[in-house]
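Taken together, the values in this text are just the output of simple stated rules run on the coordinates, not laboratory data. Quick caveat, the model's predicted, so the values are computed rather than measured. Cβ placement follows ideal geometry from the backbone for every residue including glycine, while neighbour counts extend to all protein chains displayed.
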Amino acid sequence: HRPRALSLAQSTSDSLHLGNYLGALRQWVPMQDDFEAFYGIADLHALTLDQDPALRREQTLLGAAQLLAAGIDPQRSVVFIQSHVPEHTQLAWVLSCLTGFGQANRMTQFKDKAAKAGADAANVGLFTYPILMAADILLYQADKVPVGEDQRQHLELTRDLAVRFNARYGQTFTVPEPHIIAAVGKIQDLADPTAKMSKSAVSPAGLINLLDEPRVNVKKIKSAVTDSDRTITFDEVAKPGVSNLLTILSALTGTPVEQLVADFAGRGYGDLKGAVADAVSAFATPFRDRTLELLGERGELEAILADGAARARDVAAKTVADVYAKVGL
Ligand code: ADP
Ligand code: NA
């Protein structure tokens, strides 16, 4: 059969932003051609954040609707909600008993998050999060996992656990490889192009939320911070704002940056911003319409997710049965 790919998205905000789409979700769409893909919404991971239950439930559905609106096809791929497949937590426990405390303690993302929250405020779920992520991947015997730089260490832990389990109990897990996605540079904040676009941005002025009204985003793009120079060239250090606009335009249109620089020779920043606004709208307007439509047909959306969970469980239950038998449960 086709090799398997797996990726889960966190659903901890109402709307995906342009960085999430260009840096991650967009690459999942063509992967459906080459892989038997499992794509989910990681609501168990989202539980590491203190959040209102009704809002959490809403964001989970909204996350799933956005996957579908972005072009994930639930006929070809398995689209599911993590908590609908109880095998994730079952396998996570077995794996946590196989993970050294010292090894878990070396995860830099936990250190960063704990430092931000204050050590006493950080919960144990945040600490064991990489082990749940390992379970997410190993349950489906995934060959490839699309990962950004921020998840590399977690994938290493996953590989380690798979190798350790296989060595101790016999061949059980596929050892997953990172799927390196065609590099779209980091998308930067439009109002502060030295910082990456992030949902935790201090000011919303530079954040393109894909579910915002198109005219709101057009306004943000037209107000993007550039520089006092007037030439359109790509130089991330000296011209971070203009370079960011070129990166976005190139990613959305498929035109190489060098070609864009040539096309815009002698033209002003206003023209460049106009082209970026058009390209963003061309994607975001139908994306937003489709997401809202899916949310309006809630029963249909829930049926898609129930079907996805059943298909995911077919695979996950086999893995857990094998694991339980091997460890003596
Ligand atoms: P945020 O930084 O807004 O909190 P997440 O950490 O939830 O976003 O990231 C979700 C996914 O989107 C990750 O794969 C991450 O690498 C990608 N991503 C987030 N922000 C950007 C960005 N500005 N440019 C490119 N990719 C991004
Ligand atoms: Na983040």
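Computed 3J(HN,Hα) for the stretch 80-86, one whole-Hz value per residue from the Karplus formula 6.51 cos²θ - 1.76 cosθ + 1.60 where θ = phi - 60°, is 8, 9, 3, 6, 6, 10, x, glycine and proline marked x. How many Lys pairs in the stretch 160-272 lie less than 18 angstrom apart by Cα atoms, where the lysines are 8 or more positions apart or on different chains? Here the count comes out as 7. Applying 0.36 nm per residue to the separation of Asp314 and Ile180 and subtracting their alpha-carbon distance, the gain on full extension is 45.5 nm. Each residue of the stretch 10-25 is assigned a 3J(HN,Hα), and the resulting list reads 7, 10, 10, 8, 6, 10, 5, 9, 4, x, 4, 5, 6, x, 9, 4 Hz, derived from the Karplus form 6.51 cos²θ - 1.76 cosθ + 1.60 (θ = phi - 60°), x at Gly and Pro.
Legend: helices of the chain (whole DSSP H runs) are marked when their alpha-carbon atoms reach 27 angstrom or more along the helix axis and their mean Kyte-Doolittle hydropathy is at least -0.5; marked are 269-296, 298-327.
In a reduced charge model with +1 at each Lys and Arg Cβ and -1 at each Asp and Glu Cβ, the stretch 52-156 shows a dipole moment near 100 debye about its Cα centre. Model label sites at Thr194 and Glu156, defined 7 Å from Cα along the beta-carbon direction, differ in position by 3.0 nm. Label separation (Val216 vs Asp14): 0.6 nm, computed from points 7 Å beyond Cα along the C-beta direction. Computed from the C-beta positions of Arg2 and Asp307, the FRET efficiency with R₀ = 25 Å rounds to 0.80.
Whose amide H sits under 5 Å from the amide H of Leu16, counting only residues 5 or more places off or on another chain, with H placed in the peptide plane? Here the answer is Leu210, Leu211, since their amide H atoms fall under 5 Å of that of Leu16.
Here r is the Cβ-Cβ distance between Arg164 and Arg230 and R0 is 45 Å; the resulting FRET efficiency, rounded to 0.05, is 0.20.
The fraction of all Cα pairs in the chain landing in successive 10 Å bins from 0 to the largest distance is 5, 24, 31, 24, 12, 3, 0, 0, given as whole percents.
For the stretch 235-301, the relative contact order comes to 26 percent (Cα pairs under 8 Å, sequence separation of at least 6). State whether the stretch 153-231 is rounded, prolate or oblate according to the following rule on the C-alpha gyration tensor (a ≥ b ≥ c being the square roots of its eigenvalues): a/c under 1.5 gives rounded; otherwise a/b larger than b/c gives prolate, and the remaining case gives oblate. Prolate.
Here the stretch 208-249 is treated with +1 on each Lys and Arg Cβ and -1 on each Asp and Glu Cβ, and its dipole about the Cα centre works out to around 220 debye. The modelled label-to-label distance for the pair Val202/Lys113, using points 7 Å beyond Cα in the direction of Cβ, is 2.4 nm. Net charge near Gln59, counting Lys/Arg +1 and Asp/Glu -1 over other residues with Cβ under 11 Å of its Cβ? Around Gln59, the surrounding residues sum to -2. Projecting the Cα positions of Gly63, Ala195, Ile221 onto the charge dipole of the chain (unit charges on Cβ atoms of Lys, Arg, Asp and Glu, taken about the Cα centre) puts Ala195 furthest along the positive direction.
Radius of gyration (Cα atoms) of the stretch 223-329, expressed as a multiple of 2.2 N^0.38 Å: 1.82. Rounded to the nearest 500, the 222 nm mean residue ellipticity of the chain from helices alone is -17000 deg cm²/dmol, with -39,500 (n - 2.57) taken per DSSP H run of at least 4 residues. Close amide-amide hydrogen proximity is noted between Arg4 and Glu36, Asp143, Lys144, each under 5 Å apart and 5 or more residues distant or on a separate chain (H modeled in the peptide plane; Pro and chain starts excluded). About the centre of its Cα atoms, the stretch 1-119 shows a dipole size close to 340 debye [charges on the beta carbon of Lys, Arg (+1) and Asp, Glu (-1) only; nearest 20 debye].
Counting only DSSP beta bridges whose two residues both lie in the chain, roughly 20 percent are antiparallel. Taking amide H positions as modeled 1.01 Å from N, with prolines and chain starts lacking one, the residues under 5 Å from Lys196 and 5 or more places away or on another chain are Asp189.
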